[in-house]
Amino acid sequence: MNGISNLLLKAGPTRLFAALGIAAVVVAIIFTLVLRMGGEANALLFAGVEMRETAQITQRLEQADIPYELRGDGSSIYVPRSRVLDARMMLSADGLPSRGSIGYEIFDQPDALGQTQFHQNINRLRALEGELARTIASLDGIASARVHLVLPERQLFSREAEQPSASIVLGLRRDALTPNQVVAIRNLVASATPGLTANRVTILDETGRLLAAATDGEGASGEAIDSRQAAMEERIRRTVTDIVEGVVGAGNARVQVTAEMDFSRVSETSERFDPEGRVVRSTSTTEQTSSSAARAQGTSAGVNTPDATAAGGSNSGSQNSDNSSQETVNYEISRTTRTEISEGGRIRRLSVAVAVDGVHTPGAEGAEASYAPRSEEDMQRLQALVRSAVGFNAERGDVVEVVNTQFARAEIPGGAEASAGMFDNIDLMRILEIVAALIASLAFVFFVLRPLVGGLMRGGANAAALGGPGAQPALPGPGAPPALPSPDGAAALADGDAGIDLAQIQGRVRASSVRRVAEVVDQHPDESAQIIRGWLNNAL
């Protein structure tokens, strides 16, 4: 303790206050870094927000006493991780953010009842477009969306009506969407719009790249044909890969599939008559009966008398009758009418190529692994499995080839995958911030603080050695004439011995001076070492 007290007193008040100030600054910096690293990290609340909505969101966060941070020119808002859910629920209740679109809340305005039918139709169209844009923007991989709908009005006394159509522009968070996602978006818009079909929806991304084109419904576009063929080949490839790798092991099989598909749309109508299959359609029966009578009159005297007939005149005649019947039966011949519509997408020919790696046996005690090809029986079983999986049909010319060959593999350390999985869930940006803060702290301590404190301490020690109370320097400082004491000690210096100019002394006199300096160093070793250190520091 006495040594430290003497050192502080010898350093002087100026150097002492300077050292205390530097120490306080260092402590404050370290304390700030510790609080920064130990405090709660911020998490993303919303990204890609327009400036108008950013002002509304930040105002609402300030009212709720939730700290926030703006990044990315104000388009990204960060809040403490523990307050993210609360902030999102609170802002969702206020309808923020609206993604720059207007939904059905447009009808909540008080003046909506006084609008004309035209304004009501326009607002309905805007609300439908805004709701669809919000729904699409909420999907994974999509940052923003704009929807344009064309809903033609039905004209009076018109038999034909124009079909609705839609155009969608997407802002993507990644390079591209999968074909299934594009189809899902088209079906979503078509299902939510009255009278709209999926083939009349056009989708583009923010770079102007066409993701889905509208068609007239009679056939598929070139992009749709390519995507369907690629999807079919990928589905077959995954099926074959799963079944083969289940036998030979993961990564030991390579599968390629080429499918020749027929996308022709054929409509066929056939009509067939069966003469054997007769069916009574109608029956008609007609019956006709007729009768006739003929008489012969004889001579008599009293022919003209009224009572001639009654008097006993006799008549003779004949009667005829005719009966006829007619039946008409109508038969219907059996007829079959068959209409068949074949949609495109049939597999015309299928080619499957499968490469299977051999068997690798690990060597003993770190030796190189040995390779052995698979047996012919194993290859035949694999080929039979592949044919069954793809629905092999020899009549249409399908080809399935399963070949055993040795794969070219790069040596991967055993722990590479495991170590990669360990760092999947670590916040790399957070780690980089902590490492940068530690490096800056160490650099400040070693390159700024340590030289300053060392210089102050050495300066105090040199001052004590050269000009302290009751002390006499054993050797002169730099630039002073060397006054060498006599061998008898300090008494010889007090007798008025003049200094010697070493630059004008040569030969043996210079050797004697060196011996006297060595004697002085032997008598005062501590003071000599401190003076030499001071010279070296000044020289550096």
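Per residue, how much accessible surface does segment 146-200 expose to a 1.4 Å probe? Answer in Å², no decimals. Let's see the in-between values first.
Values: 3790 Å² over 55 residues.
Here the per-residue accessible area is 69 Å².
Using a 1.4 Å probe on the protein heavy atoms, what percent of the accessible area of segment 145-234 belongs to carbon and sulfur? Before the final figure, lay out each step's value.
Values: 2920 of 5730 Å².
C and S atoms contribute 51 percent here.
Give me, ordered by chain and number, the residues 5 or more places off Ile142 or on other chains with an amide H under 5 Å from its own placed amide H.
Answer set, sorted by chain and number: Arg173.
Let me have the relative contact order for segment 128-167, percent, based on Cα pairs under 8 Å that are six or more residues apart.
With pairs under 8 Å counted, the relative contact order is 33 percent.
Between Ala43 and Val448, what FRET efficiency comes out of the Förster formula 1/(1 + (r/R0)^6) with R0 = 30 Å and r the beta carbon distance, rounded to 0.05?
Values: r = 35 Å, r/R0 = 1.16.
Efficiency, rounded to the nearest 0.05: 0.30.
Measure off 7 Å from each Cα along the Cα-to-Cβ vector at Ser292 and Ala230, then give the distance between these two points in nanometres to one decimal.
Rounded to a tenth, the inter-label distance reads 9.6 nm.
The values are calculated or read from the model by the stated rules, or taken from the named source; none is laboratory data. Computed from a prediction, not measured in an experiment: that's the story for all the values here. All Cβ positions, glycine included, derive from the backbone under ideal geometry; neighbour counts span all protein chains shown. Side chains included, ligands, DNA and RNA excluded: accessible areas come from the protein's heavy atoms. Shrake-Rupley method; radii C 1.70, N 1.55, O 1.52, S 1.80 Å.
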